[in-house]
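What follows is a short report on a single structure.
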Amino acid sequence: DTEVTQTPKHLVMGMTNKKSLKCEQHMGHRAMYWYKQKAKKPPELMFVYSYEKLSINESVPSRFSPECPNSSLLNLHLHALQPEDSALYLCASSHTQGIGFSGYTFGSGTRLTVV
Amino acid sequence: KQEVTQIPAALSVPEGENLVLNCSFTDSAIYNLQWFRQDPGKGLTSLLLIQSSQREQTSGRLNASLDKSSGRSTLYIAASQPGDSATYLCAVSASGTYKYIFGTGTRLKVLA
C-alpha cells in the first residue's frame, strides 16, 4: 500500500458544528502532517507528528485540534470554525529523515466549506 | 527564514515543446528538495525527490537538477503533452526538521 487515504473528500459544516477529518497510511511512515491550502496558494504547514507525538504546531488556532491515536492514523478535529477556514486540507506522511527517507506522500485532500 | 520562489508563475506552451520550470530558495542548507504536481482541487502527486547530496534525478520525461550553492533547482519536461497541464510545486526541507517549505507554484497549460 503506497497511499495516504483521507476521508471525507468533501465536508460542509456550520460554524457551531464539530467534525473530524481522518487520514490513514500503511506505509510504515512515522511522520505525519496536516497542511492547509487556499485557492491558488501553496500548502501551508499546520501540524507535524513524529512517532505519534506532536512535534510542530505552526501557531494554529485552538479550534483545530490534531490527534494521532496510532502510527497509521491522524485526525484533525474541527470545532467552531469560521468561513475563512474553508480550504483544502491535505494530509501527508513520510519516513523520518535519514536512510530510507523517500519524500512526502500526500493524500487527495478534504475540501472543507464552512457556512 | 527560508523563502522559495518559482518562475514563471504561469506558462502556456504548444504540445511537444520541451520546457523548464525554475525553483529558487534563499537558504542553501537544505536536506532535500521534492517536486510535486497538483491537478485542480486535488492532492499533490510526487514527481521527483532530490537529496542534498545529489545533483539530479530522472523519471521518464522528467529531469530535476539541484544546485545547492546557487539555491536553484530546475524541472525539465521533455516533449510536453496536454496531460502535463497542472500546477507544479517544489518544496524544500532543512536537516533536522520535518517542515517542507513550498514554492509559489507554476501553473502549466499544454495546448493540443
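Odds and ends about this structure:
- Residues of region B:95-107 satisfying the condition of being more than 7 Å from every other protein chain (Cβ to nearest Cβ), closer than 18 Å to B:Val20 by Cβ and surrounded by 21 or more Cβ atoms within 10 Å (Cβ to Cβ): B:Thr106
- Subset tally (residues that are facing another protein chain (nearest Cβ under 9 Å) and open to solvent by less than 60 Å² (accessible area, probe 1.4 Å)) for region A:36-48: 5
- Only one entry of B:Thr45, B:Thr74 meets the criterion of being at the interface with chain A (Cβ under 9 Å from one of its Cβ atoms), open to solvent by 10 Å² or more (accessible area, probe 1.4 Å) and at pLDDT 95 or above, and that entry is B:Thr45.
- Residues (within 14 Å of B:Gln38 (Cα to Cα) and either open to solvent by 20 Å² or more (accessible area, probe 1.4 Å) or more than 11 Å from chain B (Cβ to nearest Cβ) (or both)) located in region A:71-105: A:Thr105
- Considering (1) open to solvent by less than 20 Å² (accessible area, probe 1.4 Å); (2) within 13 Å of the chain's Cα centre (by Cα), the lone condition that A:Val114 does not fulfil carries the number (2).
- Residues that are within 10 Å of chain A (Cβ to nearest Cβ) and either outside any loop (DSSP other than H, G, I, E, B) or in contact with a helix residue (DSSP H, G or I) (Cβ under 7 Å, 6 or more places away or on another chain) (or both), drawn from region B:28-42: B:Asn32, B:Leu33, B:Gln34, B:Trp35, B:Phe36, B:Gln38
- Restricting the first member to region B:51-64 and to residues that are within 15 Å of B:Ile30 (Cβ to Cβ), and the second to residues that are among the basic types (Lys, Arg), the beta-carbon pairs closer than 7 Å and six or more apart or on different chains are B:Ser52/B:Lys68.
- A residue that is surrounded by fewer than 20 Cβ atoms within 10 Å (Cβ to Cβ) and among the hydrophobic types (A, V, I, L, M, F, W, C) occurs somewhere in region B:26-37.
- Filter result for the condition that a residue is over 17 Å from A:Ser108 (Cβ atoms) and open to solvent by less than 20 Å² (accessible area, probe 1.4 Å), over A:Met13, A:Met32: A:Met13
- Residue among B:Val20, B:Val92 that is open to solvent by 40 Å² or more (accessible area, probe 1.4 Å), more than 9 Å from chain A (Cβ to nearest Cβ) and in a strand (DSSP E or B): B:Val20
The values are calculated or read from the model by the stated rules, or taken from the named source; none is laboratory data. Only a predicted model underlies this, so the values are computations on that prediction, with no experimental measurement involved. As a convention, Cβ positions derive from the backbone with ideal geometry for all residues, glycine included, and neighbour counts pool all protein chains shown. Ligands, DNA and RNA are stripped out before the accessible areas are found, and what is left, the full protein with its side chains, is counted by its heavy atoms. Shrake-Rupley method; radii C 1.70, N 1.55, O 1.52, S 1.80 Å.
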